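Step one of this worksheet: look at the structure below.
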Amino acid sequence: MSTTYAGGRRILDADSHVMELADFLDAFIDPDQRDRLRRGGMDALKPVLDKAVQRVEERRADSAKASEAEARLLQDKGWSAMGAFDVAERSRALDLFGFDGQLVFATFATSMFAGRDEARLYAGAAAQNRALADFCSGDERLLPVAYVPLINPGRAAKEIADAIETGCKAVMVPSTAAGELAPTHPDLDPVWDTLAQANVPFVLHVGGGGRLLDRAFHNNAMPVSDHLGGGENIRSKDYLAIHHSPELFLGALIYDGIFDRFPNLRGGCIEQGAGWVPSWMRHLDYGLRAFKRTEEPLQRLKHKPSEYVRRHLKFTPFPGEDIGWMIQQAGAEVFMFSTDYPHPEGGKDPLAKFEEAFGDTDEDARDRFYYRNMAELLYGANLPS
């Protein structure tokens, strides 16, 4: 009988993270940009990081403490979690999970270089991609996700090619306009072509669309903390807006014919919920009917917008969303399992929450959710045997 969290079921995890230490980028960034990284946020976390490093060292030296950490696999979060930043521990965590693979995103490193300074932005992105590839290089189950800004189409296409060459298995792009350009502008065709030719998907992730909500909506004389007890993470009204950026970005790709121009292109929408997807698909189809007569790009589309969604896109619901209903409404090929490990948003037992929400969903659809849909995202028609 299996003793892993997966319990013998085939599972691919579409969302996990590394919790970076302060020097995560240092060995990988161009020397002339190293001193330009914004280190204030990480410096402020020094007591937390030092304590986390000390705990890892204690677990290495004391098998009893290592066993205690294994028993708390989904209870400990952030830097306290097993394998949050230590490669050997992360492999052990995957042994305990029993997952076949796990996409790995950065957490805080992007904040050290993001901004309007293009030289620092691309140097930082390249360093983050190399650092993530290095973190994942010792275990083929760890699947690094590159981050590539699109504001400079030429640099973006080159960085995507470099990241793929380095070993990244997916490429996160911002779910915004590319500076002054739509993401579908012909100048960005090399970006999508590079991904399509390499058979590597793009992904969107929460945070990639900038601020979720105008801060004025929180100025209501009824202040609340977020669920972690602070004030800078997701709160209820932020949740209302979490899908706005990806639905507009992906809808623009569909309406402007990106998937006809690059039929091998695939994308995933990660940690932005999925309860909105069924109605969004109907919204897209209605938009085609309403505007097709007057908009020539819509007349060129080969399929209904909802069909592009089913052919090219995948989404990760939050644990506890009504996945059974969502599959009934949108199709079994659209949704993927994720844990968000070791972030607290994934909860302490995402598998149980999804199982409870499945209802009478059949086993084929469950297998798609837990394994095959993410495999299709990663490999397309070239699914491994």
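The values are calculated or read from the model by the stated rules, or taken from the named source; none is laboratory data. Owing to the predicted nature of the structure, the values given are computational and were not obtained by experimental measurement. Here Cβ is always computed from backbone atoms with ideal geometry, including for glycine, and neighbour counts include all displayed protein chains.
Annotation note: Cβ proximity below 7 Å between a residue of the range 234-251 that is under 19 Å from Glu345 (Cα atoms) and a residue that is of a type in the set (Val, Ile, Thr) (sequence gap 6+ or interchain) occurs for Arg235/Val224; Ile242/Val206. Among the residues of the range 17-33, those that are without any contact (Cβ under 8 Å) to a residue 12 or more places away in the chain and within 26 Å of the chain's Cα centre (by Cα) comprise Asp23, Asp26. Close contacts from the range 312-326, counting a first residue that is more than 13 Å from Ile270 (Cα to Cα) and a second that is part of a strand (DSSP E or B) and modelled with pLDDT of 95 or more, with Cβ to Cβ under 8 Å and a gap of 6+ residues or different chains, come to His312/Gly267; Ile323/Phe335; Met326/Phe335.
Of all the listed residues (Gly347, Gly324, Gly287, Gly331), the sole one being in contact with a helix residue (DSSP H, G or I) (Cβ under 9 Å, 6 or more places away or on another chain) and modelled with pLDDT under 95 is Gly347. Only one entry in Gly138, Gly98 is modelled with pLDDT under 95 and not aliphatic (A, V, I, L, M), namely Gly138. Based on what the data block shows, is Pro174 modelled with pLDDT of 95 or more, in a loop (DSSP other than H, G, I, E, B), of a type outside the set (S, T, N, Q) and touching a Gly at 6+ places or on another chain (Cβ under 7 Å)? Here the answer is yes, as Pro174 does meet what is asked. Residues in the range 305-332 that are charged (D, E, K, R) and part of a helix (DSSP H, G or I) were compared, and the one that is surrounded by the fewest Cβ atoms within 10 Å (Cβ to Cβ) is Arg311.
Quick check on the range 59-94: of everything there that is closer than 21 Å to Pro319 by Cα and among the basic types (Lys, Arg), which residue is farthest from the chain's Cα centre (by Cα)? Once the filter is applied, the top-ranked residue is Arg72.
Residues are listed down the side, and each one gets a yes or a no for (1) surrounded by fewer than 14 Cβ atoms within 10 Å (Cβ to Cβ); (2) farther than 29 Å from Ser16 by Cβ:
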| residue | (1), (2) |
| --- | --- |
| Ile270 | no, no |
| Val277 | no, no |
| Gly287 | no, yes |
| Phe291 | yes, yes |
| Glu296 | yes, yes |
| His303 | no, yes |
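Table: residues versus (1) in a loop (DSSP other than H, G, I, E, B); (2) surrounded by fewer than 19 Cβ atoms within 10 Å (Cβ to Cβ); (3) polar (S, T, N, Q); (4) touching a residue at least 40 places away in the same chain (Cβ under 8 Å).
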residue	(1), (2), (3), (4)
Ala69	no, no, no, no
Leu73	yes, yes, no, yes
Arg90	no, no, no, yes
Asp95	no, yes, no, yes
Leu103	no, no, no, yes
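Selection of first residues in the range 125-149 that are charged (D, E, K, R) and of second residues that are outside any loop (DSSP other than H, G, I, E, B), restricted to Cβ pairs under 7 Å at least 6 apart or on distinct chains, gives the following pairs, ordered by first then second residue: Arg130/Thr166; Asp139/Ser91; Asp139/Leu94; Arg141/Leu94; Arg141/Gly101; Arg141/Gln102. The set of residues from the range 19-35 being aliphatic (A, V, I, L, M), exposed (fewer than 15 other Cβ atoms within 10 Å of the Cβ) and under 17 Å from Asp50 (Cα atoms) is empty. Looking across the range 254-268, just one residue is touching a residue at least 60 places away in the same chain (Cβ under 8 Å), assigned to a helix (DSSP H, G or I) and buried (at least 22 other Cβ atoms within 10 Å of the Cβ), and that is Ile258.
Residue-by-condition table, conditions (1) small (Gly, Ala, Ser); (2) farther than 25 Å from Asn373 by Cβ:
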residue: Leu45; (1), (2): no, yes
residue: Arg55; (1), (2): no, yes
residue: Ala64; (1), (2): yes, yes
residue: Ala81; (1), (2): yes, yes
residue: Ala93; (1), (2): yes, no
residue: Asp100; (1), (2): no, no
residue: Val104; (1), (2): no, no
residue: Tyr122; (1), (2): no, yes
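Just checking, does the range 152-162 include any residue being touching a residue at least 24 places away in the same chain (Cβ under 8 Å), farther than 24 Å from His244 by Cα and touching a strand residue (DSSP E or B) at 6+ places or on another chain (Cβ under 6 Å)? Within the range 152-162, one or more residues are touching a residue at least 24 places away in the same chain (Cβ under 8 Å), farther than 24 Å from His244 by Cα and touching a strand residue (DSSP E or B) at 6+ places or on another chain (Cβ under 6 Å).
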